[in-house]
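Below is one structure, written out as structure tokens; comments come after it.
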Amino acid sequence: MQSPYYYYTPPSSPSLPSEISNNLDILPVYQPAPLPDYLQTEAAKAKEGEGDSVPFIPGGGLTRRMLSSIGPEWKIPTLAILHFVMEGDNRGDSGMQVALLNRLLQLQIQSIKEPESWKQGLFGSTHDGSLFG
């Protein structure tokens with residue numbers, strides 16, 4: 001993995017507008033490493049040669065399911081920006097994502113407002129010092 005960012009367009013999605021697709025050259029296309037046989041289901045092995053399935057996205061949550069649900073009748077061009085991050089405090093990653101979206105979509109977002117939950121502690125509430133003597 002050379003970049004923390006990739007893009008993926010589902011096979012059944014209509015073409016992206018040129019003002020977006022022209023800017024995508026700054027990102028690599030997501031091409032996953034092949035899954036070992038023991039991680040693949042029989043259904044996934046059968047679909048592998050069809051070329052129309054969305055690949056496995058490690059840590060992608062519902063992304064694969066959402067992209068797979070886009071059928072040929074879908075008329076809205078669809079693109080997924082994949083951002084692979086480490087566990088922990090990802091506030092810096094969110095700033096990097098804003099900068100990327102500014103560049104891709106030619107926006108001028110200068111900063112983002114952090115949700116209140118981020119100020120209360122990303123890893124739970126702080127501990128009362130008297131607990132530790």
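The values are calculated or read from the model by the stated rules, or taken from the named source; none is laboratory data. All values derive from a computational prediction rather than experimental measurement. Positions of Cβ are backbone-derived with ideal geometry, glycine not excepted, and every protein chain shown enters the neighbour counts. Note: accessible area is taken over every heavy atom of the protein model, side chains too, but ligands, DNA and RNA are not part of it. Shrake-Rupley method; radii C 1.70, N 1.55, O 1.52, S 1.80 Å.
For the pair Trp74 and Ser130, a Förster radius of 41 Å applied to the C-beta separation gives a FRET efficiency near 0.10, rounded to the nearest 0.05. Accessible area of Tyr7 (1.4 Å probe, protein heavy atoms only, ligands and nucleic acids ignored): about 40 Å². Remark: accessible surface ordering of Ile109, Ile81, Ile76, Ile57 (largest first) is Ile76, Ile109, Ile81, Ile57, probe radius 1.4 Å.
Sequentially through the stretch 79-87, phi angles give Karplus couplings (6.51, -1.76, 1.60; θ = phi - 60°) of 9, 10, 9, 9, 10, 8, 10, 8, 5 Hz, Gly and Pro residues having no value and appearing as x.
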